[in-house]
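Worksheet: the structure to be examined is printed underneath.
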Amino acid sequence: MFKSLSLCTALTLTVIAPAHADMWTLSGDESKIAFGSVKKDTVGEVHHFKSISGSVDGGKVSVEIDVASVETWIDIRNERMQKMVLNASPKAMISAEIDADELNGMKAGDTTTVDVEGTLTINGNDIPIETSLFVARLSDKKMMATTDEMIMLSTKEAGIDEGVSKLMEVAKLPSITRVSPVTLRLVFEHAGDAKAAAAPAAAATLASVSSGDAAKGKKVFRKCKACHVADSDKNKVGPTLQGVIGRKIAAVDGFKYSKAFKDSDITWSTETLAEFLKKPKTYIKGTKMAFGGLRKPEDIENVIAYLESESK
Ligand code: HEC
């Protein structure tokens, strides 16, 4: 469950980050972290935490969950869950650091989906989390991030497996779920004059990945070098990327593209490249580019800036 939260938080952070010195505060009343469980294989239940707090400050997101506020709608179960499962850590923390650029251009009414990486600290364990959040800018002063899909959190990973076993014993249950689906809704509010803070961000729109740093992108390009060059028209395992921006997909003469590539009709822009490089195999199903994708938004931005610099 915390995993989700972390993600959300991170997202918010991103959105807010343009106002660098600004502080965004989690609105506890409007936010919710819920998780599901299944007992005896057939009985599904939904629970949530009543008390969460957090902030986003200069790209650093932190969300704190008061574990004792778990609400399962049965008092004795709340108590057992706190004591047996979550006892070692009264607070669970989600922290994440986000590159603000991707969400810089969001205006009231805009929505986007963002990949977030962070850490969930629970029972003294740091669990890396990766997920994507759907973010909506509600107004100048309000941002909402929700889980894009459910997050599946394993009790083993969270270090609470033993507690769950204890709970089974005490409640005389033959089974309790070992994986919980988690959903998040995080609403952040800006205390100060967010409009002023957001103004410079609007100049660099979300999609203009070209705001990246070509020198840094050249380093990121090391990951591509086994298969591509960008500074000449030579084809390797992959086609030359010289002048790729503004070029139609599968347009290099003499390169043997996959059918998936040949059947696609897109032009490589900063936007389409950003989507492609995030998850090549999802963006072009059936591509033969054997590359998992770039996770960090700043890596994507920078490598595109590098490709752009070689396109001129
Ligand atoms: C293991 C080899 C490999 C790696 C690593 C690799 N690519 Fe590719 N790439 C390919 C192949 C092969 C294709 C052609 C795909 C097809 O035909 O399905 C391709 C296609 C592309 C295209 C489309 C070109 C066109 O003419 O339509 C772009 C853009 C691209 N790669 C960028 C990158 C970037 C940027 C990286 C590094 C972050 C990278 N690739 C890493 C093999 C690779």
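Rule-based calculations on the coordinates, nothing more; no lab input. Only a predicted model underlies this, so the values are computations on that prediction, with no experimental measurement involved. Cβ sites come from the backbone with ideal geometry, for glycine too, and all protein chains shown count toward neighbours.
Cβ-Cβ distance of Met168 and Ser69, R₀ of 25 Å, FRET efficiency by 1/(1 + (r/R0)^6): the value works out to about 0.60. When the alpha-carbon atoms of the stretch 106-187 are used, the pair Rg, Dmax equals 16.8, 52 angstrom. For the cross-link pairs Lys219/Lys285; Lys248/Lys279; Lys40/Lys172; Lys248/Lys281, the ones whose C-alpha atoms lie over 21 Å apart are Lys219/Lys285. As a calculated quantity, the FRET efficiency between Ser232 and Arg185 at R0 = 45 Å, using C-beta atoms, amounts to about 0.35.
For the pair Met152 and Lys256, a Förster radius of 41 Å applied to the C-beta separation gives a FRET efficiency near 0.55, rounded to the nearest 0.05. For the stretch 209-311, the fraction of C-alpha pairs more than 22 angstrom apart is 19%.
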